[in-house]
């Protein structure tokens, strides 16, 4: 086997023991988890907003951003429940480039996964401790979930992972909502099959153990647009897309049917500045059609302190080093608009 062993990475139990979840925050986390589940169950009519940087590349700027979100959350708490994006794993189509904090705690230094698994846990704990807002992360590597399982409020399975068996089975054992994105091909049946698999109980191998899961009734859909074989983006957030998908979704008899619309990626053709327009259209469709009002539970938005993006090593504080993001001023205005029209 042509694999070079570099160093043994501590297991989740060791890292959790070394960097424990503060006991006094467990009630805060539990209350937030219950609020989010109530929204997916239809017992709370607040709108979900899963929002933040494309990737969490710097602890200081990420926490600065979340501090701003916390103030906005207080302002709109009657209408919106905000889940910050702290995405510490970054998928790369070709495997090239910055792969997230778990790989490089410092984007300008060499890969160090030993320190990375510690850094991502410390970041999530800091954000939760200081702002009482448990966050979302992407389940890019299913076994890495265990390092953050007690901290996360939400998980997303990406477009390139949603067909993978291990992602589906692991999602079935997660106790908080997991959003399954449609694949890049746009095949919605793949996403619906993934949701069904995640809602079922399974027995499989996980981290060297035979494990059994109970199924996750909060697995749901994230619409992120599609990409054709020639590279064209095909959105799936328009009224007709949402209506037809909602009908197909309901025919599956899945638990807690719910849709989150990703306003970036192929839906915006990666033009980050289109996200407010897309959000407004989704909200209009939701107000117009009762079925969509019930099923479209929220939006996913890529946003940071400064708009746009920069190369790794760039000097602009709070500006993405991966996909371009909406800046804070536009984000703050958008949050108020969503609160008024959701």
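Below are the figures for this structure:
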read-out	value
Which numbered condition residue 260 misses (of (1) assigned to a strand (DSSP E or B); (2) touching a strand residue (DSSP E or B) at 6+ places or on another chain (Cβ under 7 Å); (3) loosely packed, with under 15 Cβ neighbours inside 10 Å)	(3)
So residue 49, is it assigned to a helix (DSSP H, G or I), at pLDDT 95 or above and within 19 Å of the chain's Cα centre (by Cα)	no
Residue satisfying condition, being touching a strand residue (DSSP E or B) at 6+ places or on another chain (Cβ under 8 Å), touching a residue at least 12 places away in the same chain (Cβ under 8 Å) and on the phi > 0 side of the Ramachandran plot, within set 215, 225	225
Residue within segment 182-204 that is in contact (Cβ under 8 Å) with a residue 12 or more places away in the chain and within 14 Å of the chain's Cα centre (by Cα) present	yes
Residue count for segment 271-291, restricted to those that are exposed (fewer than 15 other Cβ atoms within 10 Å of the Cβ) and under 13 Å from residue 326 (Cβ atoms)	3
Residues satisfying the stated conditions in segment 106-127, i.e. under 16 Å from the mean Cα position of the chain (by Cα) and either modelled with pLDDT under 95 or surrounded by fewer than 17 Cβ atoms within 10 Å (Cβ to Cβ) (or both)	127
Where residue 168 falls short, out of the listed (1) at pLDDT 95 or above; (2) over 21 Å from residue 213 (Cα atoms); (3) part of a helix (DSSP H, G or I)	(2)
Given (1) on the phi > 0 side of the Ramachandran plot; (2) outside any loop (DSSP other than H, G, I, E, B), index of the condition residue 244 fails	(1)
Residue tally, condition without any contact (Cβ under 8 Å) to a residue 60 or more places away in the chain and either on the phi > 0 side of the Ramachandran plot or part of a helix (DSSP H, G or I) (or both), over segment 263-304	23
Criterion (loosely packed, with under 15 Cβ neighbours inside 10 Å, without any contact (Cβ under 8 Å) to a residue 60 or more places away in the chain and under 27 Å from residue 76 (Cα atoms)) met by exactly one of 41, 17, 13, 34	34
Lone qualifier among 156, 149 - being touching a residue at least 60 places away in the same chain (Cβ under 8 Å) and in contact with a strand residue (DSSP E or B) (Cβ under 7 Å, 6 or more places away or on another chain)	156
Residues located in segment 205-229, provided they are closer than 22 Å to residue 93 by Cβ, under 18 Å from the mean Cα position of the chain (by Cα) and in a loop (DSSP other than H, G, I, E, B)	224, 225
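The values are calculated or read from the model by the stated rules, or taken from the named source; none is laboratory data. Just so you know, these numbers come straight off a predicted model, no measurement behind them. So basically every Cβ, Gly included, is an ideal-geometry build from the backbone, and we count neighbours across all protein chains shown.
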